[in-house]
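The values are calculated or read from the model by the stated rules, or taken from the named source; none is laboratory data. Treat the numbers as computed from the prediction; the structure is a model and nothing was measured. Here Cβ is always computed from backbone atoms with ideal geometry, including for glycine, and neighbour counts include all displayed protein chains. In case anyone asks, the SASA skips ligands and DNA or RNA and just uses the protein heavy atoms, side chains included. Shrake-Rupley method; radii C 1.70, N 1.55, O 1.52, S 1.80 Å.
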2 protein chains.
Amino acid sequence: MIQLRSYLGDQWVAGSGSPQTLLNPATEEPLANASSGGLDLRGALEHARTRGGPALRALTFAERGALLKAMADAMQGERDRLIELGIANGGNTRSDAKFDIDGAIGTLLAYVDVANSLGSRKFLVDGEGIQLGRSARFHGQHIAVPHHGVAVHVNAFNFPAWGFAEKAAVALLAGMPVLAKPATSSAMVAHRIMEILAEKKILPEGALSLLVGSPGELVSLLGAQDVLAFTGSGDTGARIRSAKNVIEHSIRINIEADSLNAAVLGADVEPRSDMYELFLKDVVRDMTQKAGQKCTAIRRVLVPQSLLSSVKEDLIELLGTVKVGNPADGDVRMGPLATASQLSDALAGLERLGGKIVLGEKARKPGKGFFLSPVLVESPGDAVHEHEVFGPVASLLPFKDNPSSLVVRGNGGLVSSIYSEDQGFIEQVVMEIAPYHGRVFLGHPKIELSPGPGTVLPQLVHGGPGRAGGGEELGGPRGLAFYLQRVALEGSRPVIQKLLG
Amino acid sequence: MIQLRSYLGDQWVAGSGSPQTLLNPATEEPLANASSGGLDLRGALEHARTRGGPALRALTFAERGALLKAMADAMQGERDRLIELGIANGGNTRSDAKFDIDGAIGTLLAYVDVANSLGSRKFLVDGEGIQLGRSARFHGQHIAVPHHGVAVHVNAFNFPAWGFAEKAAVALLAGMPVLAKPATSSAMVAHRIMEILAEKKILPEGALSLLVGSPGELVSLLGAQDVLAFTGSGDTGARIRSAKNVIEHSIRINIEADSLNAAVLGADVEPRSDMYELFLKDVVRDMTQKAGQKCTAIRRVLVPQSLLSSVKEDLIELLGTVKVGNPADGDVRMGPLATASQLSDALAGLERLGGKIVLGEKARKPGKGFFLSPVLVESPGDAVHEHEVFGPVASLLPFKDNPSSLVVRGNGGLVSSIYSEDQGFIEQVVMEIAPYHGRVFLGHPKIELSPGPGTVLPQLVHGGPGRAGGGEELGGPRGLAFYLQRVALEGSRPVIQKLLG
């Protein structure tokens, strides 16, 4: 069996200790082993800080952008192989796997554009110069400079390519070296990407490392100039945020965690209208794409009481046609959950939701593979606002006049969506729910190729307050801020202006 | 004796339980009692959220700015009384007390300017609209809207007026109601300000509350839409950040904590030159103003080996002329420390610093009052980079060629300063130390009325990474971000443009 190694200190190194076995979740066939026991994490971090950091900081934004372009090109060159790995190791349909790989490449390229717009500087100039005294000589200027540490990225299992690339793109462009730790269960994609990038020596020494397997003591080795971005469960996020050194050194942590994303249908929407069909399509896509294992997927379907039975019938019909099975088979539209534990968590979550199951069942499909068919729940308990079931599961919630109070019971989310053509309704709901979200998606049938609320775009921020972890990623140049220290320069105007070049 | 009450739920309420006695730190005369036992903190927070929040959000930025203007005017009208309270309760010299009160008023007025520049909107439009698809119809726009909670401000003892006003100005302008908790020992100034504002009914109901005394369970009552800004010790900051609900709900916390601010003298600077004299003046000001009890005060004085003996002699001479005593006496230039425990902490800190005391002594001045004369330390131990002595204490540290490695041993600070006319040296040191700071001050003798590094200006960010708490306040409109949720609106361009108005 393949032994996945880690790439630390610009070397491929094998961990010791009892390995974790990576499976094909559709067949339960073992694919690879991974272990991180005995690896010199302290040395790997120091290598990144002392070699990768200075090398990246010596480059301009445009030069760092050229690195991202080369990364994207290298991944594009192995796209087919990466898609195959996504299918085998991730239980992805071909479409799911493309979504991940193309999302990764697309995000890298979007940050190439950001890099080019930032041009020949090595740090950001933040805002205009400020006259501080009566005379123009006393001057202030904010700049934003890369932290002198390493950016540790702890990625989720569901987007092994995209999650890796979107975080790495922003950190590398900011000028920080990256140590990425993919979720072990689906690590083969990120591992292959690292192989490609290392073979081609695309990045400066120390700029990118990969830790495959358990993170071990990784978090405890971080210092005040390091940063950590985590995508995954709220529980793990809370553990990271509570770590002694994280608290003591105010280490910057970005967490993207649980989210009970709502989709709201306006009472103005007629069944069979384009808006209505778009709403259905987006709900079905979010429940089935990646088997519902997207942090941005619609979990709560809020419909006016008057439209409840119509929406329910239509969703049952549409979801009923979705063929679930081994994604290696061509006509399969939804694959398995990623692991046995994801499946058991989803089943436990369904139990916790309560209510009435109007489509699917609270049971694993018989036979090999971690399969769960789409489940639509009606009249769930309060847990629908408190517990994310990370699978092909959504709940129907009727509302009377105003859905906002239901939406905000999610206590902070990544994205919610509104499908309506009633501008007054849209504006009211947006303003009521906006403080609880990182993104609000306004569905409109006239938008061609609308990706729906479940797709994260590099131009827009991704993250959310409260339950969603309080983080913020992407958003074009906004994403850089996490890796940069904003500093006010205060003093003589000519001195500061010379310094800015 | 005066019983200080709290202003909660738009009522003056008295706490029960054993009170803390506020003293005049120069005479140890008791001035007032404060207790928060039995107060309905949960109700006070809910009142702020449900009354103050909506009232503020209904106003435009310009209208909120008018409230800040009225606050500033009201404080200006009682300036003399507030200065007297600062002298009596804070151990401030008249100059120290003016610095605090005028800083408060000046910061409010600076945010009136920010308010007017933001004009008639109720939320921020963040950046330009973004075309997301091939057609212009698919559109993105970031906005930033006030959180729907309460902004809790836990302020430090050293700037009872300024600390209160700078935090309140930004939160109120952002559109969040404030519950301020002054440090109890010096709470009389903030208490009087609250009296003035409440008497004149300057703010909408629920927009401002004051908790005098122990915070009790305050932190544990906060939810995901609340935010907390704290200025004080790193230990208390760590406790706040570790609180169960803070971790669980990703509650936004801004911490401004310990800082070992360095002042660097360039080897190019000739003794007796204007730059040299400015350097000495800033060190002496920071050691003696507020008896060194400023979070931004210079703690580490870094001088080239060649200038060490000159700087040492001159500082000893200048500091030797500073008259220390009861600030009620006119010619006193430095008052006592704020409390008995601040004094004992400072003495313990001096013990920890080690090294050789070349001016002053490791002892309380005999008699009444918490007095410590300026202390200059030479050849301190490593603790000089690890422990902040919050008093009139600084250490002399010689460097050979490059001071940066010494500066960054502070592991994150609010501000460091450079005094040099060697542009190459300035640029090198700035780039090496910038990631470890929130502000870098470049001393220049041609700047008239230069406030030195120890003065926080509302136009520039205040905060710092690592030991300094990882927070960021002020910086003109930048400060608003802490109280706002950035949200990406994604959808049809006409719908979004109508929504923005």
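Across segment A:230-381 the C-alpha pair distances fall into 10 Å bins from zero in the proportions 10, 34, 30, 18, 7, 1 percent.
In the protein assembly as shown, the DSSP beta bridges split such that about 40 percent are antiparallel, to the nearest 5.
Tell me whether segment B:1-77 comes out rounded, prolate or oblate; compute the Cα gyration tensor, take square roots of the eigenvalues as a ≥ b ≥ c, and use a/c under 1.5 as the rounded threshold. Before the final figure, lay out the partial values.
Details: a/c = 4.17, a/b = 1.52, b/c = 2.74.
Since a/c reaches 1.5 but b/c is at least a/b, the shape of segment B:1-77 is classed as oblate.
Past 31 Å, Cα to Cα, is the threshold; run A:122/A:290; B:69/B:368; A:290/A:312; B:98/B:400; A:244/B:290 against it and keep the listed order. Too far apart for the 31 Å limit: A:122/A:290; B:69/B:368; B:98/B:400; A:244/B:290. According to the Kirkwood relation over distinct C-alpha pairs, the hydrodynamic radius of chain A is 23.6 Å. Measuring from the axis that maps chain A onto chain B, the chain A residue with the nearest beta carbon and its rounded distance in angstrom come out as A:242, 3. Rg and Dmax of segment A:99-218, based on Cα coordinates, read 18.1, 62 Å.
Extent along the principal axes, Cα only, for segment A:262-324: 31, 23, 19 Å, with the longest axis given first. Restricted to Cα atoms, the protein assembly as shown shows a radius of gyration and a Dmax of 29.3, 90 angstrom. Diffusion coefficient of segment B:281-370 by Stokes-Einstein, Kirkwood radius over Cα pairs, 37 °C, 0.692 mPa s: 229 µm²/s. Computed log10 I(q)/I(0) for segment A:327-419 at 0.11, 0.16, 0.20, 0.22 Å⁻¹: -0.37, -0.73, -1.02, -1.15, from the Debye equation with unit scatterers placed on every C-alpha and solvent omitted. Taking amide hydrogens as placed 1.01 Å from N in the peptide plane, the amide H of residue A:359 sits under 5 Å from those of A:376, each at least 5 positions away in sequence or on another chain. Considering all C-alpha pairs of segment B:354-406, those separated by over 12 Å amount to 69%. If all Cα-Cα distances of segment A:347-501 are sorted into 10 Å bins from 0 onward, what percent lands in each bin, rounded to whole numbers? The calculated distribution, bin by bin, is 9, 26, 30, 18, 9, 5, 3, 0. All alpha carbon pair distances within segment A:209-291 were sorted into 5 Å bins beginning at 0; the resulting P(r) in whole percents reads 3, 11, 16, 15, 11, 8, 8, 9, 7, 6, 4, 1. In the assembly of identical copies, residue B:245 has its label point, taken 7 Å from Cα in the direction of the beta carbon, separated from the corresponding points by 3.1 nm (ascending, one decimal).
If you take the Cα atoms of segment B:431-487, find Rg, then find the Kirkwood Rh from the mean of 1/r over all pairs, what is Rg/Rh? If you can, show how the numbers build up before the last one.
Values: Rg = 13.4 Å, Rh = 12.9 Å.
So for segment B:431-487, dividing Rg by the Kirkwood Rh gives 1.04.
For residue A:178, the residues 5 or more places off, or on other chains, whose built amide H falls under 5 Å of its own are A:151, A:208, A:209.
For chain B, what is the mean residue ellipticity at 222 nm derived from helices alone (per DSSP H run of n ≥ 4: -39500 (n - 2.57); sum divided by total residues; nearest 500 deg cm²/dmol)? Computed mean residue ellipticity for chain B: -10500 deg cm²/dmol. Among the protein heavy atoms, those of residue B:148 account for about 40 Å² of accessible surface (1.4 Å probe, every chain in place). Across segment B:106-145, Cα-Cα distances exceeding 15 Å account for 58% of all pairs. Ranked from shortest, the separations from the 7 Å Cα-to-Cβ label point of residue B:322 to its equivalents in the other copies are 7.0 nm.
Just tell me, in residue order, which DSSP H segments of chain B are both 30 angstrom or longer along the helix axis (alpha-carbon based) and at least -1.0 in mean Kyte-Doolittle hydropathy. Present the calculation step by step, with values, prior to reporting the outcome.
Numbers: long enough: B:94-118 (36 Å, 0.34).
Helices meeting the criterion: B:94-118.
Using just the Cα positions, wrap segment B:458-501 in a convex hull and report its mean projected area in square nanometres, one decimal place. Average projection, Cα convex hull of segment B:458-501: 4.5 nm².
Excluding same-chain neighbours fewer than eight residues apart, the aspartates and glutamates reachable from residue A:201 by a Cα-Cα span under 19 Å are A:10, A:63, A:73, A:78.
In a reduced charge model with +1 at each Lys and Arg Cβ and -1 at each Asp and Glu Cβ, the protein assembly as shown shows a dipole moment near 60 debye about its Cα centre. Where a ≥ b ≥ c are the square roots of the eigenvalues of the C-alpha gyration tensor, would you call segment B:175-242 rounded, which needs a/c under 1.5, or, failing that, prolate if a/b is larger than b/c, or oblate? Since a/c reaches 1.5 but b/c is at least a/b, the shape of segment B:175-242 is classed as oblate. Based on Cα atoms of segment A:158-213, Rg over Rh with Rh as the Kirkwood radius reads 0.93.
Report the semi-axes of the equivalent ellipsoid for segment A:1-41 in whole Å, largest first, where each axis is √(5λ) for an eigenvalue λ of the Cα gyration tensor. Don't skip to the answer; put the middle values down first.
Working: eigenvalues 104, 21, 9 Å².
Output for segment A:1-41: semi-axes of 23, 10, 7 Å.
With the convex hull drawn over the C-alpha atoms of segment A:1-153, the volume per residue is 156 Å³. Its convex hull of Cα atoms gives segment A:337-381 a direction-averaged projected area, equal to a quarter of the hull surface, of 2.9 nm². Projecting 7 Å from Cα along the Cα-to-Cβ direction, the label point of residue A:131 sits 3.8 nm from its equivalents in the other copies, listed shortest first.
Once the mean of 1/r is taken over each pair of separate Cα atoms and inverted, segment B:303-352 shows a Kirkwood hydrodynamic radius of 13.3 Å.
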